[in-house]
């Protein structure tokens, strides 16, 4: 997949921009707070119909404006064009169009334009709660398996209804309880299986990338943790009703799954330096990219790299430059405040590239 043109109107601090991109490498240079990340976030919005940094859509509308719009013109590997438009007006729902036709359900769009983004905000994968790591897993699987997206929606609806019943003062009808628990179990088993398969395939790829970037100086592991590893979810739900009633929410299920991130036998969040944690995250995202290349539509995802060199030593920066400059990746969008890093990547690729200067929300090439 390739993004040829991007039109931005009133998106965060960018009032207006019309950008034409290189098929390989696109570099955005500027100081902190100038709008480099917002360009990448706009590209992310066109793939996932949401900002990478915020779950509240209306925060993406430029201050003082009533609406924002994004338009991306793409080309598939076979040259087929794709036109995606997203419009959002304050106080109204966003509208997502493919060509001239609006989607009935926004979830239908997810996976059409595969994308992987690496950002300083990813540190929350290490330092944050399990919800962040589940979101990381789900973001990948949803891009190649629409049935998984639907299953997640059904599971979460059943979970919400069960939690409502758990909070009731009067004793809920056990038969109604059973209906929601059976649905949670049915969808949960499918979600568990898909997550298990994905992580099993991801681990060796992730370890290869980490070893390449770190020159083999650390050993890293990933461990998927789920209540369903103990046995059928339905048995756990029915057996825990009394305890769940006491706390007022569901204690067991795939909504509690986690991904343990280990380095040299210890949690990265506790033992890893800033540079090691960042290496962990970059390797994880590169493995995610590699996985998406081999699944679903087998379309090469867009790769967005936002300020990835900070906190890394020169040797790790050099290895990352060699990686992204190779043939393994397709179209890349990268931001940095340091022109030297980007010049190094450009020199290593020798392929088509374009540099954009970003200042106070204005973008020039």
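The values are calculated or read from the model by the stated rules, or taken from the named source; none is laboratory data. All figures in this text were calculated on a predicted structure; none of them were measured in a lab. Reconstructed Cβ throughout: ideal geometry from the backbone, glycine too, with neighbour counts over all protein chains shown.
Just to verify a result, which residue in segment 213-229, among those that are modelled with pLDDT under 95 and over 23 Å from the mean Cα position of the chain (by Cα), is surrounded by the most Cβ atoms within 10 Å (Cβ to Cβ)?
214
Does segment 278-291 include one or more residues that are in a helix (DSSP H, G or I), assigned by TED's automatic domain parsing to the domain that holds residue 26 and out of contact with any strand residue (DSSP E or B) (no Cβ under 8 Å at 6 or more places or on another chain)?
The first filter runs over segment 278-291 and keeps only residues in a helix (DSSP H, G or I), leaving 278-291.
Okay, now just the ones that are also assigned by TED's automatic domain parsing to the domain that holds residue 26, so none.
Within segment 278-291, not a single residue is in a helix (DSSP H, G or I), assigned by TED's automatic domain parsing to the domain that holds residue 26 and out of contact with any strand residue (DSSP E or B) (no Cβ under 8 Å at 6 or more places or on another chain).
It is to be established whether one or more residues within segment 46-69 are on the phi > 0 side of the Ramachandran plot and surrounded by 14 or more Cβ atoms within 10 Å (Cβ to Cβ).
The answer is yes, given that some residue of segment 46-69 is on the phi > 0 side of the Ramachandran plot and surrounded by 14 or more Cβ atoms within 10 Å (Cβ to Cβ).
Anything in segment 77-91 that is under 13 Å from residue 3 (Cα atoms) and surrounded by fewer than 18 Cβ atoms within 10 Å (Cβ to Cβ)? List them, or say none.
Within segment 77-91, 77, 79, 80, 81, 82, 83 qualify.
Consider residue 102 against the criteria (1) surrounded by 13 or more Cβ atoms within 10 Å (Cβ to Cβ); (2) touching a strand residue (DSSP E or B) at 6+ places or on another chain (Cβ under 8 Å); (3) at pLDDT 95 or above: it satisfies all of them except one. Which criterion is unmet?
(1)
Tell me the residue from 115, 73 that is touching a helix residue (DSSP H, G or I) at 6+ places or on another chain (Cβ under 7 Å), within 19 Å of residue 299 (Cβ to Cβ) and modelled with pLDDT of 90 or more, please. Steps first, answer last, please.
On the way: 73 fails: touching a helix residue (DSSP H, G or I) at 6+ places or on another chain (Cβ under 7 Å).
Only one candidate qualifies: 115.
Taking the options 138, 150, name whichever one is surrounded by fewer than 16 Cβ atoms within 10 Å (Cβ to Cβ), modelled with pLDDT of 90 or more and in the same structural domain as residue 192 (by TED's automatic domain parsing).
Numbers: 138 fails: surrounded by fewer than 16 Cβ atoms within 10 Å (Cβ to Cβ).
Matching residue, one of 138, 150: 150.
Restricting to segment 248-277, name every residue that is part of a helix (DSSP H, G or I) and touching a residue at least 12 places away in the same chain (Cβ under 8 Å).
Scanning segment 248-277 gives 254, 255, 256, 268, 269, 274, 275, 276, 277.
Only one residue in 125, 73 is under 30 Å from residue 10 (Cα atoms) and in a strand (DSSP E or B), so which one is that? Break it down stepwise before answering.
Working: 125 fails: in a strand (DSSP E or B).
Answer to the check: 73.
To keep it simple, each residue is scored yes or no on (1) within 24 Å of residue 344 (Cα to Cα); (2) outside any helix (DSSP H, G or I); (3) touching a strand residue (DSSP E or B) at 6+ places or on another chain (Cβ under 9 Å); (4) modelled with pLDDT of 95 or more.
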{"site": "27", "(1), (2), (3), (4)": "yes, yes, yes, no"}
{"site": "31", "(1), (2), (3), (4)": "yes, yes, yes, no"}
{"site": "46", "(1), (2), (3), (4)": "no, no, yes, yes"}
{"site": "55", "(1), (2), (3), (4)": "no, yes, no, no"}
{"site": "59", "(1), (2), (3), (4)": "no, no, no, no"}
